[in-house]
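Engineer: Shown below is the structure under consideration.
Throughout, read-outs are computed from the coordinates displayed, never taken from laboratory work. These numbers were taken from a predicted model, which means no experiment stands behind them. Because the Cβ atoms are built from the backbone with ideal geometry, glycine has one as well, and the counts that use them run over all protein chains shown.
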Amino acid sequence: MYDIVICGAGVAGCSFARNAASKGLKVLLLDKNPKEKLGHDWWDAVEQKVFEDTQTPPPMPPERLDYSASIYTSPNGKTRMQVLTGKKYSVDRKLLAKRLLEMALEAGADFQENTKVLKPIVSGDKVCGIFIQDKRKMEREVSARLIVDATGIDATLRKQIPFETDFEKEIRKEDTFVLYREIREAITSRTERIVRFGHHKGVSWISFRQKGLVDILAGTFNLPNHDNPKDIVRKYLQDYKADIGDNIVRAGYGGIIPIRRCFDSFIADGFLIMGDSASQINPIDGSGIAASMYAGYYASFPVVQALKQSKPLNKKTLWNYNFTYKTKIGSEFVALDIIRLFLMGRKDQELDLNYLFRRGIIEAKDLQRSDQQRNIFATLKKLIKGIDRISLLKNLKKTIRLSKEAAALYRDFPPEYKPSEFSNWKKRLRAIYNEIPNE
């Protein structure tokens with residue numbers, strides 16, 4: 001029997017597999033896709049620091065791509081500013097996926113591709129295995145001491161846990177983000193990357209940063225009657241038709257990602273969730289690579305310790321995964337989530353953002369620093385000093401206070417599993433969220 005079965009060979013799953021297998025645990029990694037289809041067919045920015053923190057070798061060319069300054073604009077496109085790169089890499093997602101899988105296999109993990117995870121097997125309030133359909137379309141059971149759901153937004157196992165858990169089984173539709181992306185041939189010498197923040201109640205960009213290619217993305221919050229991201233990309237193609245070729249060379253598809261604070265807990269007896277399945281993402285920009293790498297790293301320590309000491313894998317022994325992620329990563333992201341919900345609740349969201357850009361209250365230096373939480377607090381303080389809209393001023397003051405309270409609460413996450421303390425922590429968090437201005 002395996003010590004650990006990990007469902008999903010994405011960033012979180014491969015990172016956890018590598019860290020656990022390297023400590024001598026018997027690990028099985030499963031994915032519904034063949035290994036050559038792992039990873040998105042595009043590139044994304046990743047904080048440099050995460051590679052050092054998780055003891056992962058940094059990317060090298062061709063996995064690491066050119067990364068230069070971007071031009072950010074207001075939603076209406078009239079106000080523009082240049083934003084420097086910060087301490088980030090631009091990483092080819094396909095090559096990163098390939099490398100993370102190779103490191104997991106080199107550490108001793110087993111891998112089964114073309115394997116569909118069907119549902120969990122439970123005994124009482126404990127997960128003890130899964131039903132799978134293998135590449136021969138044969139259904140069978142797989143048992144393990146620990147089952148991990150790293151299946152992304154699908155959350156195949158999380159949604160089917162039949163007993164009561166400390167994490168949600170489902171997430172709200174409005175806490176997801178719908179996107180579409182195309183990479184085409186570029187027939188121009190242009191090199192800029194233009195990002196429209198708040199465009200169509202989301203974000204969009206067109207980038208000529210990679211030689212010979214143009215990268216176009218559009219995403220919107222999954223609200224009723226939201227604009228179709230594919231239509232937004234089509235508008236870019238029309239506006240820049242003299243610079244863009246006819247052929248799609250990469251991507252050409254869309255998807256849905258969670259965009260909210262992480263779940264209150266990531267654990268149950270015999271079970272973990274991580275990555276998009278646990279909403280471990282930045283709630284402002286939707287990036288999740290670094291968060292998933294941290295999750296795979298942090299989760300490995302309590303699991304290895306418990307198994308080496310022949311202890312059961314339950315809420316008590318797995319709790320440190322919750323504690324470490326919440327205090328180190330979650331505290332920043334929950335503050336950003338408060339700001340996200342405030343902006344989404346504004347009836348004139350695009351007008352507000354146009355105003356902030358036009359008045360110079362949002363500046364390039366606020367968008368390029370690495371400490372995003374501290375950045376936004378500083379930006380909002382400047383806003384309060386320069387604003388002439390009384391209603392917006394009052395609500396922003398309250399949003400700053402709530403963001404700081406939420407971040408402090410995450411840093412004060414219970415260090416040990418004590419149900420009464422955890423219940424009280426959740427009540428305090430709900431009280432903060434219930435105060436977010438919605439006008």
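Engineer: Going by amide H atoms built from the backbone, whose H comes under 5 Å of the H on residue 253, apart from near neighbours?
Structural biologist: Excluding prolines and chain starts, which carry no amide H, the hits are 181.
Engineer: Let me ask something else. Expressed in nm to one decimal, what extension gain is obtained for the pair residue 114 and residue 71 from 0.36 nm per residue of sequence separation less their Cα-Cα distance?
Structural biologist: Working it through step by step, the gained length comes to 11.4 nm.
Engineer: Further question on the same structure: How long, wide and thick is segment 59-135, going by the Cα atoms along their three principal axes, in whole angstroms, largest first?
Structural biologist: In descending order, the Cα extents are 58, 33, 23 Å.
Engineer: Taking neighbour Cβ counts within 10 Å as the exposure measure, how do 413, 333, 323 sort from fewest upward?
Structural biologist: 323, 413, 333
Engineer: Please provide three numbers in whole Å: the alpha-carbon extents of the chain along the principal axes, with the largest listed first.
Structural biologist: 61, 51, 39
Engineer: To continue, here is another question. Please give the residues of segment 400-419, grouped as numeric ranges, whose backbone N is less than 18 Å from a label point set 7 Å along the Cα-to-Cβ vector of residue 174.
Structural biologist: none
Engineer: Once you have the Cα-Cα distance between residue 242 and residue 189, take 0.36 nm times their residue separation minus that, and quote the gain in nm to one decimal.
Structural biologist: 17.9 nm
Engineer: Which is farthest toward the positive dipole end of segment 174-258 among 219, 244, 256, measuring Cα position about the Cα centre, with Cβ charges +1 (Lys, Arg) and -1 (Asp, Glu)?
Structural biologist: My answer, from the dipole projection, is 244.
Engineer: Right, something else. How far apart, in nm, are the 7 Å Cα→Cβ label points at residue 126 and residue 163?
Structural biologist: Placing both labels 7 Å along Cα→Cβ, they lie 0.8 nm apart.
Engineer: Follow-up question, since we're still on this one. Could you pull out the pairs from 326/418; 316/404; 23/126; 94/201; 201/328 whose alpha carbons sit more than 19 Å apart here?
Structural biologist: Long pairs (Cα-Cα over 19 Å): 316/404; 23/126; 94/201; 201/328.
Engineer: Once the dipole of the chain is set up with Lys and Arg at +1 and Asp and Glu at -1 on Cβ about the Cα centre, which of 75, 123, 38 lies farthest towards its positive end?
Structural biologist: 75
Engineer: Along the three principal axes, how long is segment 174-258 when you take its alpha carbons, biggest first, rounded to the nearest angstrom?
Structural biologist: Reported extents, whole Å, longest axis first: 39, 21, 20.
Engineer: Please get the size of the charge dipole for segment 195-278, origin at its Cα centre, with Cβ charges of +1 on Lys and Arg and -1 on Asp and Glu, quoted in debye to the nearest 20.
Structural biologist: 300 debye
Engineer: Between residue 435 and residue 87, what length comes free when the chain is fully extended (0.36 nm per residue of separation minus the Cα-Cα distance, one decimal in nm)?
Structural biologist: 121.8 nm
Engineer: Right, something else. In nanometres, what is the gap between the two model label sites at residue 154 and residue 316, each 7 Å from Cα along Cα-to-Cβ?
Structural biologist: A separation of 3.6 nm, rounded to one decimal place.
Engineer: Taking the Cβ of each residue in 428, 172, 209 as the centre, tally the other Cβ atoms inside 10 Å and list the residues starting with the fewest.
Structural biologist: 172, 428, 209
Engineer: Next question, about the same structure. Which distance in nm do the two modelled labels at residue 55 and residue 211 give, with both placed 7 Å along the Cα-to-Cβ direction?
Structural biologist: My value for the distance between the label points is 3.8 nm.
Engineer: Also, quick follow-up: Mind checking the dipole of the chain: about its Cα centre, +1 per Lys or Arg Cβ, -1 per Asp or Glu Cβ, Debye to the nearest 20?
Structural biologist: Result for the chain is approximately 840 debye, rounded to the nearest 20.
Engineer: Still on this structure, please answer the following. HN-Hα J couplings of segment 139-148 from phi, Karplus 6.51/-1.76/1.60, θ = phi - 60°, integer Hz, Gly and Pro as x?
Structural biologist: 8, 7, 9, 10, 9, 6, 6, 9, 10, 10
Engineer: Also, quick follow-up: Can you tell me the order of 416-424, 243-251, 141-149, 281-289 when each peptide is scored by its average per-residue count of other Cβ atoms within 10 angstrom, highest first?
Structural biologist: So the peptides 416-424, 243-251, 141-149, 281-289, ranked by packing, come out 141-149, 281-289, 243-251, 416-424.
Engineer: So for 425, 205, 43, fewest C-beta neighbours within 10 Å to most, what's the order?
Structural biologist: 425, 205, 43
Engineer: If one takes the longest principal axis of the Cα atoms in the chain, at what angle in degrees, from 0 to 90 and to the nearest 10, does the Cα axis of helix 93-107 lie?
Structural biologist: 20 degrees
Engineer: What do you get for the angle between helix 11-21 and the principal long axis of the chain? Use alpha-carbon atoms, 0 to 90 degrees, nearest ten.
Structural biologist: Roughly 30 degrees between the two axes.
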